[in-house]
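K.L.:
This structure is in structure tokens; I'll ask about it shortly.
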């Protein structure tokens, strides 16, 4: 009879190897990161050892998008997808392990986010009666039995069981990777949605404020794609925004959206700033006789101003940040970066993840490696001030192969 | 920072308290058992401390039956049901704990089977291309955060990830509860489906043979219910079968079904012996001008003969059993019990679970309490000879609150 595997923070001299597996809502690929973690003064520090991405097979990606459509995605489909996605995640983990050269038995845990198929947090006033719930698929036992490594999965359910939104979870990684004794930092991600994590100097986890500020690239991408009939998918380096002219009247209309003035914790997504939003914006632009690039410039300015307003409303009253650390695709859009630079006081540094030694592309996968490790150590993984949960609880279920 | 909870077989002097939660395909109620386990010579012995059943709320039961219908049950419905069923299971656990009087912190683990919503094992030749998969709902973190006790759930997925059918799992409990140094035993459950576990004297887990023999009460119940227009739901004590006359010609036709001659491992269910089967049988009875009770007697004889044939074909070649231990509703059907008695050699004892100190109604819940405990101890939970898995693997994912 095998005993239970034991792990605590003093195990292995406080050094841990962990893998994180992540796939986002775009369902392009599974990101896989292998990181080495050590603990200094209660904080986990990491070194990225290996990173890889594995594309989804076309037929599985198509099946996932079918399943996204409520009323179309069936139970049997979800049940099969759980095992099929598990196999794709297992493949990503295996490829990562092989290319890293590290022996399997030296890796303590795999934290696997899985693929979100459904996410309905509490507080949706547009729905009458529903049970807040969330579903990430990618069967952990499939990954664990292929790799021989314990797998932690299902990170969002426990936060929701504790009354939280099940999101955002990455601010915990931001805290461990970026928080500083003397510097107050904002970690600003500009993906489809823009989100920030405020880390006051010498602060604890309880001091972290994190939320979605509003659209990041989602609206800009939608405009560019629609105006170009799909030939361009995003505004490379902000070229089109630079050519256009910000329309203050349109911008004022867009800034009135109730989401922006709502106090955190708050999260948003495709439901609010997706296809419908872009379609309406294109209509507005037409009515106001604006050029395509004017609308793109105005939408880009919306991203900048909503981020800056959020700082002024919700963060700076607690203390100005000394550094804003940009990540995500938006960090490569010069229009957005210049705009933020203009709004920030001159003594606030605008940095990138990379300048602080963090691979921005790998950060989410690193985050789930860390969350997997925390689960194995019995340490809570949610930040109640960020998710709205009643209390900090451990996240994830463990499958020991 | 909290350390990981540790548990091995020498913890707590080798004494453990575990809760099992179970709901079957009839979706009537959640059975909850609290048992005290000790280990003697590698086998877990149990004492049942408390047992209770909690009915499903009507609206959740209705939602589950809607979700059963493929193409009707949607992904969002499954996602919500996971949390709703979790709440029902949590309530059952809380009621059990309260009535037991045992303090929560003295209970090591809750093993929660959950509610099976979908189960498609490998080897279904009637389906062209599919991914073997299984889905049990009842969110573990909901149960764990309500009770403060670690919850193990999702017992069937890992066996399937290892190539098995994900069923049957209860023979492992049969082995620990009933196996004997000197006596070869068959544990015969007659529920809707009849299944047996063969435990050779002084045998190891590898020697266990377990499979579904065929219909138990499912066909008899279906006939009685249909003939009485729903006024009777089952043949109480076998009264109607005793009044009828077995028709040998009809019996011979029924015995020809390919399932009965197929070698184990094998499982069956409502797909084969459900409503369609009963409808066809009623038609045959009409054509052959048999009385209702004749058809019921013949169907009852089918249960008896398929059980006895299975013993002769697949079990007794390995050694005659000294004891057959009956459980399930069929153990109260005198026609079935008498019929088995007639077929067995006079020196084979026919006993009940209760005569050996095991509450037959609570057995499945006790089984999942044990499986939950095994998971926490890192001990495999499947029997490859019973499920068809490539190897023995730990079953279940652990959520530590």
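K.L.:
Suppose each label sits 7 Å from its Cα in the direction of the beta carbon; what would the residue B:258-residue A:349 distance come out to in nanometres?
P.N.:
Here the answer is 7.2 nm between the modelled labels.
K.L.:
Continuing with this model, one more query. Can you compute the equivalent ellipsoid semi-axes for the stretch B:267-401, i.e. the square root of 5 times each eigenvalue of the Cα gyration tensor, sorted largest first and rounded to whole Å?
P.N.:
Working: eigenvalues 231, 87, 52 Å².
Semi-axis lengths for the stretch B:267-401 are 34, 21, 16 Å.
K.L.:
Can you give the mean number of other chain Cβ atoms that lie within 10 Å of the Cβ atoms in peptide B:155-162? Could you put the intermediate results ahead of the total?
P.N.:
Numbers: counts 0, 1, 9, 9, 1, 4, 14, 4.
Taking the mean over all residues of the peptide, I get 5.
K.L.:
Percent relative contact order of the stretch B:316-360, based on C-alpha pairs within less than 8 angstrom and at least six residues apart?
P.N.:
Relative contact order for the stretch B:316-360 comes out at 49 percent.
K.L.:
Now a separate question. Report, as an integer, the average count of C-beta atoms from other chains found within 10 Å of each Cβ along A:240-251. List each step's numbers first, then the result.
P.N.:
Working: counts 0, 0, 0, 0, 0, 0, 0, 0, 0, 0, 0, 0.
Across A:240-251, the average partner-chain Cβ count within 10 Å equals 0.
K.L.:
Here is a further query. Under 8 Å for C-alpha pairs, at least 6 residues apart: give me the relative contact order for the stretch A:171-347, rounded to a whole percent.
P.N.:
Numbers: 288 pairs, mean separation 53.5, N = 177.
Taking the mean separation of contacting Cα pairs over the length of the stretch A:171-347, I get 30 percent.
K.L.:
Quick check: pseudo-label points 7 Å beyond the Cα along Cα→Cβ at residue A:98 and residue A:69, how many nm apart are they?
P.N.:
3.6
K.L.:
Under the convention of a label 7 Å out along Cα→Cβ, give the distances in nm from residue B:15 to the same position in every other copy, shortest first.
P.N.:
Distances between equivalent label points, in nm: 4.3.
K.L.:
Using the Cα gyration tensor of the stretch A:171-347, with a ≥ b ≥ c the square roots of its eigenvalues, what is the shape: rounded (a/c below 1.5), prolate (a/b larger than b/c) or oblate (neither)? Could you put the intermediate results ahead of the total?
P.N.:
Values: a/c = 2.04, a/b = 1.91, b/c = 1.07.
In terms of gyration-tensor shape, prolate.
K.L.:
OK, next. Among B:363-375, A:327-339, what's the highest-first ranking by average C-beta atoms within 10 angstrom per residue? Walk me through the numbers on the way to the answer.
P.N.:
Details: B:363-375: 28.5, A:327-339: 21.5.
Listed from highest to lowest mean packing, they are B:363-375, A:327-339.
K.L.:
Tell me, in nm to one decimal, what length is gained between residue A:206 and residue A:390 on full extension, where the rule is 0.36 nm per residue of separation less the Cα-Cα distance?
P.N.:
Working: separation 184, 0.36 × 184 = 66.24 nm, distance 1.27 nm.
Taking 0.36 nm per residue and subtracting the Cα distance, the gain is 65.0 nm.
K.L.:
R0 = 22 Å: FRET efficiency of residue B:39 with residue B:356, Cβ-based, nearest 0.05?
P.N.:
Values: r = 19 Å, r/R0 = 0.86.
So the FRET efficiency works out to roughly 0.70.
K.L.:
Hey, could you grab the Kirkwood Rh for the stretch B:135-200? Inverse mean 1/r over distinct alpha carbon pairs, Å, one decimal.
P.N.:
Working: mean 1/r = 0.0693 Å⁻¹.
Mean inverse Cα-Cα distance, inverted, gives 14.4 Å.
K.L.:
Compute the whole-percent fraction of alpha carbon pairs in the protein assembly as shown spaced more than 55 Å apart.
P.N.:
Values: 58710 of 321201 pairs.
Taking all Cα-Cα pairs of the protein assembly as shown, the fraction more than 55 Å apart is 18 percent.
K.L.:
To continue, here is another question. Given labels modelled 7 Å from the Cα in the Cβ direction, how far is it in nm from residue B:180 to residue B:130?
P.N.:
Output for this residue pair reads 4.1 nm.
K.L.:
May I ask you to report, in nm to one decimal and beginning with the shortest, the distances from residue B:202 to the same position in the other copies, taking label points 7 Å along Cα-to-Cβ?
P.N.:
Going from nearest to farthest copy, the values are 7.3 nm.
K.L.:
Compute the long axis of helix B:334-343 from its Cα atoms, compare it with the longest principal axis of the Cα atoms of chain B, and write down the angle in degrees, 0 to 90, nearest 10.
P.N.:
Result, in degrees: 80.
K.L.:
Looking at chain B as a GNM with Cα springs under 10 Å, which of B:287, B:361, B:63 has the largest mean-square fluctuation?
P.N.:
Sorting by GNM fluctuation, first place goes to B:287.
K.L.:
If you consider only alpha-carbon coordinates, what radius of gyration and Dmax does the stretch B:1-155 have, in Å?
P.N.:
Using the Cα atoms of the stretch B:1-155, the pair Rg, Dmax is 17.5, 53 Å.
K.L.:
Within a 10 angstrom radius of each residue's Cβ in A:75-88, how many Cβ atoms of other chains show up on average? Whole number is fine.
P.N.:
Numbers: counts 17, 10, 6, 9, 13, 7, 3, 6, 9, 2, 0, 4, 2, 0.
Taking all residues of A:75-88 together, the mean is 6.
K.L.:
Oh, and also: Could you check which residue among A:159, A:235, A:347 shows the biggest mean-square fluctuation in a GNM of chain A with a 10 Å Cα cutoff?
P.N.:
Judging by the Gaussian network model, the answer is A:347.
K.L.:
Then there is this: Go ahead and estimate [θ] at 222 nm for chain A from helices alone: -39,500 (n - 2.57) per DSSP H run with n ≥ 4, summed, over the residue count, rounded to 500. Display every interim value, and only then the final one.
P.N.:
Details: 15 runs with 153 residues, N = 401.
That calculation yields -11500 deg cm²/dmol at 222 nm.
K.L.:
While we're looking at this one, here's another question. Just the number, please: Stokes-Einstein D of chain A in µm²/s, Kirkwood Rh from C-alpha pairs, 25 °C, 0.890 mPa s.
P.N.:
On the way: Rh = 21.9 Å.
In µm²/s, the coefficient rounds to 112.
K.L.:
Which distances in nm, rounded to one decimal and ordered from shortest, link the label point of residue A:58 to the equivalent label points in the other identical copies, with labels set 7 Å from Cα toward Cβ?
P.N.:
5.1
K.L.:
Next question. Using only alpha carbon pairs under 8 Å that are at least six residues apart, calculate the relative contact order of chain A and give it in whole percent.
P.N.:
On the way: 816 pairs, mean separation 86.3, N = 401.
After rounding, I find 22 percent.
K.L.:
Continuing with the same structure: Where the centroid of each part is defined by its Cα atoms, how far is the stretch A:13-61 from the stretch A:86-150 in Å?
P.N.:
When both Cα centres are located, 11 Å separates them.
K.L.:
Let me ask you something else. How would you classify the stretch A:110-236 from its alpha-carbon gyration tensor, with a ≥ b ≥ c the square roots of the eigenvalues: rounded for a/c under 1.5, else prolate if a/b is greater than b/c, otherwise oblate?
P.N.:
In terms of gyration-tensor shape, rounded.
K.L.:
What residue among B:131, B:52, B:38 shows peak mean-square fluctuation when chain B is described by a Gaussian network model with Cα springs under 10 Å?
P.N.:
Its mean-square fluctuation being the largest, the pick is B:131.
K.L.:
So, R0 is 35 Å and r is the distance between the beta-carbons of residue B:232 and residue B:106; what FRET efficiency does that work out to, to 0.05?
P.N.:
For residue B:232 and residue B:106, the calculated efficiency is 0.20.
K.L.:
Angle, helix B:363-377 long axis vs. longest principal axis of chain B, Cα atoms, 0 to 90°, nearest 10?
P.N.:
For B:363-377 against chain B, the angle is about 40 degrees.
Each value in this text was obtained by applying a stated rule to the coordinates, not by laboratory testing. In this text, all values refer to a predicted model and were calculated from it rather than measured experimentally. For neighbour counting, all protein chains shown are included, and Cβ atoms are generated from backbone atoms with ideal geometry for every residue, glycine included.
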